[in-house]
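The values are calculated or read from the model by the stated rules, or taken from the named source; none is laboratory data. Predicted, not measured: the structure shown is a model, and the values here were computed from it. Cβ placement follows ideal geometry from the backbone for every residue including glycine, while neighbour counts extend to all protein chains displayed.
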Amino acid sequence: MQTTTDLTKAGRPTEEALRRYREQGFVHFTSVLPADEVAVFRAAADRLLAEEGPQTWGASEEQAQVHYVEAAWRKHPDLRRLALHPAVTGLAESLAGGPLRLYGTDVLKKEPRVHLPTVVHDDEPGLPLAGLTRTLTAWIPLLDVPADRGCLVYVPGSHRRPAEHRQVHLAGFQDYRPMEEIWPEFPFSPRVAVPMRAGDVVFHDFRTVHMAAANTDGERRLAFAAVYMDSDATYRPGVQDHPVAHLEPGAPVDGELFPLIAVGPGGAS
């Protein structure tokens, strides 16, 4: 289990944490956000879920894997503050090793004994972006997520599998192929479950294979996810591209809707 010793006094990843992220494709930091801030973010997420009428990830409500509200950072000021929180963005940019922009955020809810396991996937094919090399996701629990509450499960080192074993792009959902079909070694690959406390953050590379089991606990799972993309990413038409569909193919994904993250003393802009 990783501990806060993975952070330097300045709140950046230690060399050991950086090494683990490069090798495994994910890293879990504990106690990144204090409890009082998490309580504010949790209240904002609850309010957004109540107001928005969350969307369903799955073929139907009966096959729902999770309920979510997308673009959450644009819909509530406290969730904007979370998406651009310097404690989170500083870690993201250190792990990525280069400048990043905020691409998108979701509030994610997985109810007990209701939602199905989350399909095995990596984030690359679902991002309508080109020119990606360091894009990553921050997954932040707003309530504790013990192992039986649908915690994330990763396949260590899967981000380094060769291109022929990745589905790099989805032009449409009809092109989706199961992971074991794309990557024959997947069924034999080790998995690592990552139970987390509220206020922890786990980061994973956009090519890291991951999933989540069903929530068999008596309490809901509530989390916030933020995708930070290469600062010079461009638009490539594909699935879930409505946030960028106003752009011409090949155009830079930038501007106020996709802000550069700032990690200096002034925090994020």
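Which of the residues that make up the range 59-76 are modelled with pLDDT under 85 and surrounded by fewer than 16 Cβ atoms within 10 Å (Cβ to Cβ)? Show your work before the answer.
Of the residues in the range 59-76, the ones modelled with pLDDT under 85 are 59-67.
Passing the criteria: ALA59, SER60, GLU61, GLU62, GLN63.
Does VAL88 qualify as being under 13 Å from the mean Cα position of the chain (by Cα), assigned to a helix (DSSP H, G or I) and either surrounded by 22 or more Cβ atoms within 10 Å (Cβ to Cβ) or modelled with pLDDT under 95 (or both)? Full working, then the answer.
Working: under 13 Å from the mean Cα position of the chain (by Cα): yes; assigned to a helix (DSSP H, G or I): yes; either surrounded by 22 or more Cβ atoms within 10 Å (Cβ to Cβ) or modelled with pLDDT under 95 (or both): yes.
Taking the combined requirement at face value, the residue satisfies it.
Any residue at all in the range 190-199 that's more than 17 Å from the chain's Cα centre (by Cα) and assigned to a loop (DSSP other than H, G, I, E, B)? Yes - at least one qualifying residue is present in the range 190-199.
Within the range 17-44, residues that are in contact (Cβ under 8 Å) with a residue 40 or more places away in the chain sit with their Cβ atoms under 6 Å from residues that are in a helix (DSSP H, G or I) and exposed (fewer than 14 other Cβ atoms within 10 Å of the Cβ), at 6+ positions apart or across chains, in these pairs: THR30/THR4; SER31/THR4.
Mind listing whichever residues of the range 19-51 are in a helix (DSSP H, G or I), over 17 Å from the mean Cα position of the chain (by Cα) and surrounded by fewer than 17 Cβ atoms within 10 Å (Cβ to Cβ)? Hits for the range 19-51 are ARG19, GLU23, ALA35, ASP36, GLU37, ALA39, VAL40, ALA43, ASP46, ARG47, ALA50, GLU51. From ASP254, ASP200, ASP232, ASP217, grab the single residue that is surrounded by fewer than 21 Cβ atoms within 10 Å (Cβ to Cβ) and under 21 Å from TYR154 (Cα atoms). Result of the check over ASP254, ASP200, ASP232, ASP217: ASP217. Looking at (1) within 19 Å of ARG221 (Cα to Cα); (2) of a type in the set (A, V, I, L, M); (3) surrounded by fewer than 20 Cβ atoms within 10 Å (Cβ to Cβ), which one does VAL168 not meet, given that it meets all the others? Here VAL168 clears every test but (1). Note on the range 124-181: residues that are under 15 Å from the mean Cα position of the chain (by Cα) and free of Cβ contacts under 8 Å to residues at least 24 places away in the same chain amount to 0. Filtering the range 221-260 to residues that are among the hydrophobic types (A, V, I, L, M, F, W, C), more than 27 Å from LEU49 (Cα to Cα) and in contact with a Lys or Arg (Cβ under 9 Å, 6 or more places away or on another chain) leaves ALA233, VAL253.
For (1) assigned to a loop (DSSP other than H, G, I, E, B); (2) within 15 Å of VAL119 (Cα to Cα); (3) touching an Asp or Glu at 6+ places or on another chain (Cβ under 9 Å), each residue gets a yes or a no:
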{"residue": "LEU143", "(1), (2), (3)": "yes, no, yes"}
{"residue": "PRO156", "(1), (2), (3)": "yes, no, yes"}
{"residue": "PRO184", "(1), (2), (3)": "yes, no, no"}
{"residue": "THR208", "(1), (2), (3)": "yes, yes, yes"}
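If the condition is being at pLDDT 95 or above and hydrophobic (A, V, I, L, M, F, W, C), then the range 152-173 contributes LEU152, VAL153, VAL155.
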